[in-house]
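These notes are about the structure you will find just below.
The values are calculated or read from the model by the stated rules, or taken from the named source; none is laboratory data. What you see is a predicted model, and the numbers here were worked out from it, not measured in a lab. Ideal geometry is used to build each Cβ from the backbone, glycine not excepted, and the neighbour counts take in all protein chains shown. These area figures cover heavy atoms from the full protein model, side chains too; ligands, DNA and RNA do not enter into them. Shrake-Rupley method; radii C 1.70, N 1.55, O 1.52, S 1.80 Å.
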Amino acid sequence: RSAFSVQRIGTYARQMVSEAIRQRFLRDPWRIRLGNLASDLARIASSNNAEHEYVASLLAESKCFAEWTAPEVAPNIEAMLSQLQRTIESWEQAWIAGAPVATMRSVARSQSDKLLKLAGFDVAEVS
């Protein structure tokens, strides 16, 4: 990827997480927020390399969702979200640079399932 392309994708991803998205997201209770983050992770898990801008926007949004949810959850979930946010940050940097992490999709899927369970959703019903 050219430097221009990488910069454009990074800018696009940041723009996707607008103030309107933040305000709407924060209206939901924390369990719904975890479900929304799990949905983003499931989309990442089912994505392909051709969907570069789409995945970049999901990664940016997921980082924000984790950050915005963390203050309202139990300490153990907060710690998990903090670690997840760091993981997503590393995925995002690699993705934007054109070098996706080999395990990103499988880890995103397992984290999505884990978040759904923590939120009280039956993973078998939504998978």
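Table for the structure above
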read-out: Single residue of R109, R24 found to be out of contact with any Ser or Thr (no Cβ under 7 Å at 6 or more places or on another chain), basic (K, R), open to solvent by 70 Å² or more (accessible area, probe 1.4 Å) and at pLDDT below 95; value: R24
read-out: Some residue of the range 112-122 being hydrophobic (A, V, I, L, M, F, W, C), part of a loop (DSSP other than H, G, I, E, B), over 14 Å from the mean Cα position of the chain (by Cα) and surrounded by 19 or more Cβ atoms within 10 Å (Cβ to Cβ); value: yes
read-out: Output for the range 90-106, where each listed residue is in a helix (DSSP H, G or I) and exposed (fewer than 15 other Cβ atoms within 10 Å of the Cβ); value: S90, Q93, S106
read-out: Pairs with Cβ under 9 Å, 6+ apart, first in the range 61-72 and in contact (Cβ under 8 Å) with a residue 40 or more places away in the chain, second crowded, with 22+ Cβ neighbours inside 10 Å and of a type in the set (G, A, S); value: E61/A13
